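Report on one structure; see the data block that follows.
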Amino acid sequence: MNQALLFTDHVCRLNFWYLRTMEVDCRRYYVRLFKSCSNRTRETLWRQTHGLFFKKGFIGSIVIVANHLLQIYSRCGNMGTARDLFDEMPERNYFSWNTMIEGYMNSGEKGTALRFFDMMPERDGYSWNLVVSGFAKAGELGVARRLFNAMPEKDAVTVNSLLHGYILDGYAEEALRLFKELKFSADAIIMTTVLKACAMLEALKCGKQIHARIMISGVEFDSKMNSSLVNLYAKCGEWRMASIMLDQIGEPDDHSLSALISGYANCGRVDESRGIFDRKSNRCVILWNSMISGYVANDMKFEALVLFNEMRNETQEDSRTLAAVINACIGLGFLETGKQMHCHACKFGLIEDIVVASTLLDMYSKCGNPMEACKLFSEVETYDTILLNNMIKVYFSCGRFDDAKRVFERIENKSLISWNSMINGFSQNGCSVETLEYFRRMHKLDLPTDEVSLSSVISACATISSLELGEQVFARATIVGLDSDQVVSSSLIDLYCKCGFVEHGRRVFDTMVKSDEVPWNSMISGYATNGRGFEAIDLFKKMNVAGIKPTRITFMVVLTACNYCGLVEEGRNFFEAMKLDNGFVPDKEHFSCMVDLLARAGYVEEAIDLVEEMPFDADASMWSSVLRGCIANGHKAMGKKVAEKIIKLEPENSVAYVQLSTIFATSGDWESSALVRKLMREKNVTKNPGSSWADC
């Protein structure tokens, strides 16, 4: 620092006329001096230097001096001081104006940058590139395109900036359209960017045309262009061409290998991906991420965790690695391993990464720990729309509707996914009025609707048995061309069946394309809820014949059908088939349905045995099913024990008290019956009043 100040004093003692005549020779000294001052930690030094130069009159007489000071202030984000200096400069050149524009762009003051651009007496190519690329990077593509169109002479750098902006914001089609409109001469940078757009769209034909143009024009291939070609052909399944391009590279770079690994994995050819991965020694984090993500995408999540453990012996993981590993934990239901990844993210400073935070929120929600997700959200300082959308789903999963609303209102640019998160969240929680209200608000804004929003709203109409409104929503689906969508049609089946029009539902089912179990489940459930158990079982058998594999939900609805119709033997068979033939471990809902079926049919002891052999503790609801079976079938002694167990589990449960009191009364033990009623009063346990609802 002292040396720099001595140098400054030496310069200041020089004759002013001599400096003017020797300006060119002294430039390297000015530059060296300012470079020594350009670090933020040397703020005092470059302010002193500024003061000395101003005192000696160099700021007003030598433009290069003022420009270098201007650059220092703008790069350090001190735009206020930079503006003061700029206003004091009697002479300015392109560099002066461009430095201010770039400084304001980097500080996020895009409006001020644009005003400076408009005030420029003359503009060079760099000026245009600054504003076009700045607005493109900020996602303001409309402004960027307007500026680009006004540009008198379009150069390759600015063209590439706009193309890159379109691709980053997901408008690859617009990038290709712009490239075709311009008919720009072949340029290596532009061609590489356009190939990325082709790969994003999997536009093989267009990509081949670009490749041919590169070869005809004699553009020199570099590693980035080769990587883009490898990525294009790999994503489009052209493995021979992808391999040829990879071999042409000689010593393939990591990006090329990563593109091929991802390409093979995306098409399910994981063994080939692993072969390419194993070809390279000293693999970088990009290759590890591609292979781990490939395993996760192909439902080989355990292999992904094993590979992650291997990776930690060779290189340091990054945010993308953790996001992929957490997704593997979600698929496997490994909550504890996910928690370890959370600790790992905190340890290595990756928890502030939006992708990692969003994936962790998703993990806690899907692994049954939404409260931990809520806690994590309260600690996160940076958000994006994806993270906030995930948080809406989390709040709905734990019944915190008001918090979901608050998060939704915080989203500035609400996407279709944001609206769907609210509509679907309310629909799944049985809040039909709110579902319809948010759909109305979305429709009023002329936002597009998709199968998620339409199916959720139709399901809400089914919940309140509003056939007319549901058919109106389906008419909307017809207008936008989604009437044949499987999810929407399945919701329509559910609507008809819940409104009692089972035959209408069956007609929809028979005419629709059934590619998976969803429509089958809807129709089987429709038969079950309408007491048509034999037809539900018959459709289940046809589902197997059609080659559609039943899921846990399928077994749930067919067991419900057996329960509603008292088909005990069939229910036993399905419950066993679920375990033996399909490899499913019944969850609590399956056991509950089976217990209710046995208890209703009078097989109370068998129901109790099933409860006691479950791999998890029974709740009061399940014991209430047994109690109802005891009362209905005259098992008073057993019913008394079950009622006492329910009261122990849920002391506020009025049903158990009332049933126990009834057991004593019907047995002639009026004194015990009165004691139970007295106990209810002492504990302030009140009987829930009956209620009914009808759609008039």
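The values are calculated or read from the model by the stated rules, or taken from the named source; none is laboratory data. Everything quoted here is computed from the prediction, not taken from an experiment. So basically every Cβ, Gly included, is an ideal-geometry build from the backbone, and we count neighbours across all protein chains shown.
Failed condition for Leu387, given (1) in the same structural domain as Leu469 (by TED's automatic domain parsing); (2) not in a loop (DSSP other than H, G, I, E, B), with all others met?
For Leu387, the exception is condition (1).
Of the conditions (1) buried (at least 18 other Cβ atoms within 10 Å of the Cβ); (2) over 23 Å from Glu535 (Cα atoms); (3) not polar (S, T, N, Q), Met594 fails just one. Which one is it?
That leaves (2) as the condition not met.
Would you pick out the residues in the stretch 556-573 that are part of a helix (DSSP H, G or I) and not aliphatic (A, V, I, L, M)? Explain how you work it out, then say what you get.
Step one: list which residues in the stretch 556-573 are part of a helix (DSSP H, G or I), which gives 556-565, 568-573.
Those that are part of a helix (DSSP H, G or I) and not aliphatic (A, V, I, L, M): Thr560, Cys562, Asn563, Tyr564, Cys565, Glu569, Glu570, Gly571, Arg572, Asn573.
Restricting to helices (runs of 4 or more DSSP H) lying wholly in the stretch 258-312: which have 2 or more residues that are crowded, with 23+ Cβ neighbours inside 10 Å, touching an Asp or Glu at 6+ places or on another chain (Cβ under 8 Å) and at pLDDT 85 or above?
On the way: elements: 270-279, 285-297, 301-311.
Hits in the stretch 258-312: 285-297.
Any idea how many residues of the stretch 543-555 are surrounded by fewer than 22 Cβ atoms within 10 Å (Cβ to Cβ) and farther than 12 Å from Met523 by Cα?
Looking only at that region, the number is 9.
Just for helices (runs of 4 or more DSSP H) wholly inside the stretch 111-206: which have at least 3 residues that are within 31 Å of the chain's Cα centre (by Cα) and either acidic (Asp, Glu) or closer than 17 Å to Ile101 by Cα (or both)? Explain how you work it out, then say what you get.
Values: elements: 125-137, 141-150, 156-168, 172-182, 188-201.
Passing ranges, in order: 125-137.
Can you report the number of residues in the stretch 233-256 which are assigned to a helix (DSSP H, G or I), modelled with pLDDT under 80 and more than 33 Å from the chain's Cα centre (by Cα)?
Of the residues in that region, 2 qualify.
Can you say whether Glu317 is under 27 Å from Asn231 (Cα atoms), of a type outside the set (A, V, I, L, M) and not in a helix (DSSP H, G or I), as far as the supplied structure shows? Walk me through it before giving the result.
Values: under 27 Å from Asn231 (Cα atoms): yes; of a type outside the set (A, V, I, L, M): yes; not in a helix (DSSP H, G or I): yes.
Yes: the conditions hold for Glu317.
Within the stretch 341-376, can you find the residues that are in contact with a Leu (Cβ under 7 Å, 6 or more places away or on another chain) and of a type in the set (A, V, I, L, M)?
Met341, Ala345, Leu350, Ile354, Val356, Ala357, Leu360, Leu361, Ala373, Leu376 - these are the residues of the stretch 341-376 that are in contact with a Leu (Cβ under 7 Å, 6 or more places away or on another chain) and of a type in the set (A, V, I, L, M).
Give me the pairs, please: first residue somewhere in the stretch 212-234 and among the acidic types (Asp, Glu), second residue anywhere and surrounded by fewer than 15 Cβ atoms within 10 Å (Cβ to Cβ) and part of a loop (DSSP other than H, G, I, E, B), beta-carbon distance under 7 Å, and either six or more positions apart or on two chains.
Qualifying pairs under 7 Å: none.
Having 2 or more residues that are modelled with pLDDT of 90 or more and not assigned by TED's automatic domain parsing to the domain that holds Gly571 is the bar; report the helices (runs of 4 or more DSSP H) wholly within the stretch 487-555 that clear it.
On the way: elements: 502-511, 518-529, 533-545.
Where helices (runs of 4 or more DSSP H) fall fully within the stretch 487-555 and carry at least 2 residues being modelled with pLDDT of 90 or more and not assigned by TED's automatic domain parsing to the domain that holds Gly571, they are 502-511.
Identify the residue in the stretch 556-578 that is among the acidic types (Asp, Glu) and surrounded by fewer than 16 Cβ atoms within 10 Å (Cβ to Cβ) and, among all such residues, is nearest to Ala528 (Cα to Cα).
Glu569
Where residues in the stretch 365-413 are at pLDDT below 85 and within 22 Å of Glu451 (Cα to Cα), which of them is surrounded by the fewest Cβ atoms within 10 Å (Cβ to Cβ)?
Asn413
Which of the residues spanning the stretch 463-486 are assigned to a helix (DSSP H, G or I) and either of a type in the set (Phe, Trp, Tyr) or surrounded by fewer than 24 Cβ atoms within 10 Å (Cβ to Cβ) (or both)?
Thr463, Leu467, Glu468, Leu469, Glu471, Gln472, Phe474, Ala475, Arg476, Thr478, Ile479, Gln486, listed by residue number.
From the residues in the stretch 622-642 that are at pLDDT below 80 and in contact with a Ser or Thr (Cβ under 8 Å, 6 or more places away or on another chain), which one is nearest to Ser654 (Cα to Cα)?
The residue in question is Ile631.
Given the structure, is Thr359 under 21 Å from Trp288 (Cβ atoms), in a helix (DSSP H, G or I), over 16 Å from the mean Cα position of the chain (by Cα) and among the hydroxyl-bearing types (Ser, Thr, Tyr)?
Considered against the rule, which asks whether it is under 21 Å from Trp288 (Cβ atoms), in a helix (DSSP H, G or I), over 16 Å from the mean Cα position of the chain (by Cα) and among the hydroxyl-bearing types (Ser, Thr, Tyr), Thr359 comes out as no.
Which numbered condition in (1) assigned to a loop (DSSP other than H, G, I, E, B); (2) among the aliphatic types (A, V, I, L, M); (3) over 21 Å from Thr385 (Cβ atoms) is the only one that Val433 fails?
Tallying (1) assigned to a loop (DSSP other than H, G, I, E, B); (2) among the aliphatic types (A, V, I, L, M); (3) over 21 Å from Thr385 (Cβ atoms), Val433 fails exactly one: (1).
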